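What follows is one structure encoded as structure tokens, with my remarks underneath.
The values are calculated or read from the model by the stated rules, or taken from the named source; none is laboratory data. Because the structure is a prediction, the values reported are computed rather than measured. A quick note on method: Cβ atoms are made from the backbone with ideal geometry, for glycine too, and the neighbour counts reach across all protein chains shown. Ligands, DNA and RNA are stripped out before the accessible areas are found, and what is left, the full protein with its side chains, is counted by its heavy atoms. Shrake-Rupley method; radii C 1.70, N 1.55, O 1.52, S 1.80 Å.
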Amino acid sequence: MVSCNFNHQLSSMKRSVYPFYLLLFFSLIATQPLQAQSELQSPEQYLGYELGDQFTPHHNVLGYFKEVAEASPMVSYQQYGTTNEGRELGVVMVSTEQNHGRLEQIRTDNLKRTGLMEGDVQGGTIPIVWLSYNVHGNESSSSEAAMKTLYALVNPDRTDTKQWLENTVVIMDPMLNPDGRDRYVHWYKETVGEQFNAHGNAREHHEPWPGGRTNHYYFDLNRDWAWLTQKESRARLALYQQWMPQIHVDFHEQGYNEPYYFAPAAEPFHNAITDWQRQFQFTIGKNHAKYFDENNWLYFTREVFDLFYPSYGDTYPIFNGAIGMTYEQGGSGYAGLGIIKAEGDTLTLKDRLMHHHTTGLSTVEVTSNNAEKVLDEFTTYFRDARQNPGGKYQSFVLKADGSRNLAALLDLLDKHQIEYGALGESTEIDAFSYQRGENTEVELNENDIVVNLDQPKSVLARVLFEPNPELVDSLTYDITAWALPYAYGVEAYASEDNIAMGAAPAPADEITNNSTGTPYAYLAEWSDLADVKFLAALLKNDIVVRAAAEPFTIENRDYKAGTLIITANGNEKMGDEFYSGVQRIANEHQQQLYPVSTGFVTSGADFGSDNVSLLEKPRVALLSGEGTSSGNVGEIWHFFDQQIEYPVTLIDTDYFGDVNLSDFDVLILPSGFYGNPISDERLNEIKGWVRSGGTLIAVQGANSFLAGKEGFALKEKKTEETKPDSTGNEEKLEIYRQRQRERAPNFNPGSIFKVSMDNTHPLAFGYGDQYFSLKLDSDAYAYLDDGWNVGVTKEGAHESGFIGYKAKEKLQNTLTFGVQNMGSGSVVYMVDNPLFRAFWYNGKLLFGNAVFIVGQ
């Protein structure tokens, strides 16, 4: 069975077709299943080597899945997307031939259970298990295990798996991250010898930067389920929501000395997780333990891997009604084909894939054995989510300000199938204000947007919107705050009342600039990422653009600082094409232009004033390679390449010292450790380049490299010394047991702070007087004595998420965003990363300001 299209009936070519003359062709029909089975190949037969002898590249893994779909009536293959590098993404649906005949009914029945599709369930007790492999490219054993598991499910010699599939559909995605996997596999194949070397010092155990974990743009796809910033994530989720499985497993690897990890998960659990979801993890875990005990394999549960952050491959399915689980095998990119462990044994790829194979089959088995209960609880989950939504708040209101930040947020909700609607009438409510951090009376108008939790995606909506997620344990694995109104910078309110949703707002009218005549200038607002992309397009087309350094009024309209001013003056080389060209680019970017007939303003600075800055087309360089954070490099690269479509030159640290800095106007230092990549001599050259007019942008960890160095105004904040410990002897007896918690007072895994902004400075153009920033550590820097403190964190600035009390005190009255003038150039200090995982939408304008406006 080759492919599936779930908008139509399964193709008849995937079924045995009985001839019209039954008696004449009886023998042919009788032998047809045997012939199909004889064509079925094991992975070893297809690949020509035993699984675990070598790593299998993406095209061969996918080739095997397609081969099985061709040979077996129990399997259907479906492509669902492609990667940035053009590799195919696909899944197989595996069940009995009889179930395949009603696969579409099984799928739609499942959606009816959730309420995402109207109608009555037609019948049958067929839960859906979704197995996701290799989301981290160098955690490579799971794709090998996927091939072994697929064959076990359809192997005609196995009766146990056939029994499970009688009441179960298994969806298998053999490789969520083909680009990262092939990066690792190709490197390993060209590095290893005829025989692998299990010694940890061998080069085959030391991946070069950036490693194979991430996708093409160095994004961790296991952190992107909720944010959908990457094309692989968007394609996968679109398919996932066509099925909404009851069980989802995400296969991973961890440090090679670690035993196998499987559910149940560790605390903290998000309090939106139900008792059933917790309990069934124990049921599955005990079934796994049975097989691991039989084989004397080591394993652990209920440690390290928690269920709080909503954008993992286990938590996101959980908040969509499934039993979501992470399985972790020791190994990762360090293990190769074999590695000597600390205990002296050699861990091989064959060992690793066998463990994943075992838990995969065990998951299918326990689901099949509990099929009716699994479906009943799944149905109950969505019924309760609508009738008794948990949490403090029942409705969330977004002010309809017409901003593209709001439009971007609503687009994300659409992708998640979270329902929203216009309020429909003006009213006044008492609600929690995200911006003020307290309850307040607020007047709402009929166009404001309501997200009511009386909907199928109630739990997911609650988790993504709740202002301050409740964390029962501070030892968590990732960020602890992410509320969408903060991330998108929209005015929003959380209400304990059930506010009815009206009809969804109509799509915004398409912007069409078609003014005639020859205006003196076109004006364009400056307030969000779309404006940055528009400016980038103008500059790429060599159109001269200016920006207002202060607010102004002209022809009865007020404009804010940062407004783009596109004058005919300076663009004479375009002739009459200037007017049509600017409007064409604006229409392509859905940017409203305001033509004006004069440069003489009513108030503010005239267009020829020194307070109207000419924006040169910057030549941008981004440092990358060893010593830099591949994740932050990827975030910045993606910002330029995918989000604003503006050229950026990535320069690796191994030859950075030979690069002529005068070829660039902007140099970005991503987070990293710069001891070796940038020598003292090279740093002096950078300072000379800045003094000559360059703009140096330091992001997050790069600031610690610059802090305290000669010529740089940035300094770490001094803190009072800790007083000697006076703890009694009895309490000291428990210190080792609590050793992991000793760091909690200084720990900030990721929390939201209110940053006070000086929006008269170009770095803050387009913002109000406050900005909500996601702080990812407790690094604290003093206010600049010589420079502009554009964004600062004052006392009481913490808004959401866990942070230790010492870290919170340390971050009070510190610099978050600053600019130092150095000669003719500028140094931009971005202590917080405004591009984190590409989901902190409201920070992208800030980065655009740093690149295109600061220093101009």
Completion exercise
hull vol. (C-alpha, convex hull) per residue for the chain, Å³ -> 205 Å³
Practice task
Round to the nearest 10 and report in Å² the accessible area of I651, as given by a 1.4 Å probe over the protein chains' heavy atoms.
Solution key: 10 Å²
Exercise for the section: Treating only the Cβ atoms of Lys and Arg (+1) and Asp and Glu (-1) as charged, compute the dipole magnitude of the chain about its Cα centre; round to the nearest 20 debye. Expected result: 780 debye
Handout entry: Straight-distance crosslink candidates among lysines, where the alpha carbon sits under 17 Å from K399 and sequence neighbours closer than 8 are dropped
Key = none
Handout entry: Charge-dipole axis of region 32-174 as Lys and Arg at +1 and Asp and Glu at -1 on Cβ define it, positive-most pick from I171, P73, T125
Key = T125
Practice task
For region 432-441, take each phi angle, set θ = phi - 60°, evaluate the Karplus expression 6.51 cos²θ - 1.76 cosθ + 1.60, and give the result in whole Hz per residue in order, putting x for glycine and proline.
Solution key: 6, 9, 4, 6, 8, x, 7, 6, 7, 7
Completion exercise
Judged on accessible area alone, 1.4 Å probe, highest first, S142, S332 line up as S332, S142
Completion exercise
Sorting S629, S72 on solvent-accessible surface, 1.4 Å probe, most exposed first, gives S629, S72
Practice task
Could you go through region 410-425 in sequence order and give the Karplus-derived ³J(HN,Hα) for each residue, using 6.51 cos²θ - 1.76 cosθ + 1.60 with θ = phi - 60°, rounded to whole Hz, and x for Gly and Pro?
Solution key: 5, 5, 5, 4, 4, 5, 8, 6, 8, 7, 8, x, 6, 4, x, 7
Fill in the blank from the handout: Pairs over 21 Å Cα to Cα, from K112/K415; K231/K415; K775/K810; K392/K844; K617/K709; K717/K754, come to K392/K844; K617/K709
Practice task
Before rounding to the nearest 500, sum -39500 (n - 2.57) across all DSSP H runs of length at least 4 in the chain and divide by the residue total; then give [θ] at 222 nm in deg cm²/dmol.
Solution key: -9000 deg cm²/dmol
Handout entry: Fraction of antiparallel bridges per DSSP, the chain only, in percent to nearest 5
Key = 65 percent
Fill in the blank from the handout: Measuring from the longest principal axis of the C-alpha atoms of the chain, the long axis of helix 577-588 (C-alpha) lies at a number of degrees, nearest 10, equal to 40 degrees
Practice task
Give the longest segment of the chain that steers clear of chymotrypsin sites (Phe, Trp or Tyr not before Pro) in DSSP loops with at most 13 neighbouring Cβ atoms within 10 Å, not counting the sites themselves.
Solution key: 50-599
Problem - Degrees separating the helix 371-387 axis from the principal Cα axis of the chain, which is the longest one - result: 30 degrees
Fill in the blank from the handout: Reduced to Cα centres, the span from region 119-156 to region 368-426 in Å works out to 27 Å
Practice task
Amide H neighbours of S624 under 5 Å, at least 5 residues apart or on other chains, H built in the peptide plane: list them.
Solution key: I651, D652, T653
Handout entry: Nearest 10 degrees, 0 to 90: helix 26-39 Cα axis against the chain principal axis
Key = 50 degrees
Problem - Cα-centre dipole for region 92-209 with unit charges at Cβ (Lys and Arg positive, Asp and Glu negative), debye to 20 - result: 120 debye
Handout entry: Karplus-derived HN-Hα couplings along region 515-527 (A = 6.51, B = -1.76, C = 1.60, θ = phi - 60°), whole Hz, x at Gly and Pro
Key = 5, 9, x, 10, x, 5, 7, 9, 10, 9, 5, 10, 8
Fill in the blank from the handout: If amide H atoms are modeled at 1.01 Å from N in the peptide plane, then the residues at a separation of 5 or more from A780, or on another chain, having amide H under 5 Å from its own are K717
Exercise for the section: Give the long-range amide H neighbours of N813: residues separated by 5 or more places, or on another chain, with amide H under 5 Å away, using H modelled in the peptide plane at 1.01 Å from N. Expected result: T793, K794, E795
